[in-house]
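Enquirer: Structure in structure tokens, see below.
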Amino acid sequence: MAADRTSSVSVRVPAKINLDLSVGGVAPDGFHPLATVFHAVSLFDDLTVTPAAEGITLEVTGDHVEGVPTDRTNLAVRAARLVARRAGVERGAHLKLHKGIPVAGGMAGGSADAAAALVACDAAWNASLDRAELLELAAELGSDVAFALVGGTAIGSGRGEQITPALARGQYHWVLALSDDGLSTPAVYAEFDRLSAGRVLPEPRVSDEVMQALRSGDSTALGQALRNDLQPAACSLRPDLGDVLDVGLEYGALGGVVSGSGPTIAFLVRDHEHALDLSVALTASGACETVKRAHGPVHGARIGDLPRLG
Ligand code: C5P
């Protein structure tokens with residue numbers, strides 16, 4: 001029997017926020033057409049894949065990971081199986097996932113893990129799938145997986161899985177207000193449908209203001225242009241989010257927006273120092289449970305040397 005490759009492959013993958021999220025009316029397949037501007041920020045999950053004789057196993061570490069499934073329903077496990085099927089791999093793998101991205105936070109943590117698993121399993125099994133194949137598998141797995149492969153700042157259309165890089169200049173500093181309790185993405189879309197019932201929604205479209213601000217690297221203009229059509233739905237399910245937004249803006253954020261389906265709120269700030277000031281103010285106000293700082297854009301899922309995890 002041929003010896004299994006035993007060397008591990010580690011991949012680091014970022015969280016995303018949506019700088020703009022325009023949502024159309026629900027389509028017959030239950031999904032909503034989107035036009036969005038994704039932006040990868042420096043909160044990361046780390047996945048280490050070690051080839052094994054058979055079976056896909058998963059171990060998850062990190063803060064607040066109680067709700068993360070470790071069985072075949074986990075998106076990273078599904079991604080590993082898809083790679084195996086596509087490339088005809090008969091071996092197995094052990095996946096060791098360390099989560100730094102909030103779970104059910106609207107920052108595409110689960111999608112990030114799927115993207116990391118596509119890249120890491122492809123490398124660990126020498127499957128040699130090309131970029132186009134990985135992007136195709138990503139689109140099968142979920143709406144945000146393709147962006148997690150690509151990273152940077154990019155426009156998403158379709159369900160969000162069709163990615164085009166955006167012309168964007170500059171580094172942006174973010175303060176992220178996290179909640180202990182997540183929001184379910186389908187529940188937020190259902191609330192969006194309820195709130196928009198009886199109205200004909202226009203075709204989703206990325207805003208000119210956001211694109212112009214990004215082209216000129218103007219953080220003040222970007223702060224004013226941040227927009228998310230899911231925000232009223234997220235705030236309807238979680239009225240406390242409105243208070244968090246008020247506090248952040250009161251303390252001088254350039255802008256604030258619910259990320260994706262929430263409940264994470266992303267505040268844009270001028271620089272690192274401004275980020276520290278706003279973090280202290282948000283924490284002291286007691287309006288949100290946890291505050292993190294991040295910058296963007298950062299690259300998508302990428303193989304790298306990681307410190308050994310536990
Ligand atoms: O694609 P993903 O698994 O991230 O989607 C999770 C859920 O969010 C879907 O099952 C659907 O209810 C909702 N969704 C949607 N329209 C989109 C993306 C997601 O209705 N464009």
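Please treat every number below as a calculation from the coordinates, not as lab data. The shown structure was predicted, so the numbers you read here are calculated from the model rather than taken from an experiment. Counting neighbours? That spans all protein chains shown, and the Cβs are built from the backbone with ideal geometry, glycine included.
Enquirer: Looking at the range 161-175, I want the residues that are under 16 Å from residue 271 (Cβ atoms) and have a partner that is within 16 Å of the ligand (Cβ to nearest atom) with Cβ atoms under 8 Å, at least 6 apart or on another chain. Which pairs are those?
Expert: 174/17
Enquirer: Restricted to the range 122-157, and to residues that are among the acidic types (Asp, Glu) and more than 14 Å from the ligand (Cβ to nearest atom), which residue is surrounded by the fewest Cβ atoms within 10 Å (Cβ to Cβ)?
Expert: By that ranking, first place goes to 130.
Enquirer: Of all residues in the range 197-249 being closer than 16 Å to residue 172 by Cβ and among the charged types (D, E, K, R), which is surrounded by the most Cβ atoms within 10 Å (Cβ to Cβ)?
Expert: 227
Enquirer: Run down 299, 272 and say which single residue is within 20 Å of the chain's Cα centre (by Cα), surrounded by fewer than 22 Cβ atoms within 10 Å (Cβ to Cβ) and under 23 Å from residue 151 (Cβ atoms).
Expert: On inspection, the qualifying residue turns out to be 299.
Enquirer: Taking into account only those residues within the range 162-196 that are surrounded by 13 or more Cβ atoms within 10 Å (Cβ to Cβ) and among the β-branched types (Val, Ile, Thr), which is nearest to the chain's Cα centre (by Cα)?
Expert: Result: 185.
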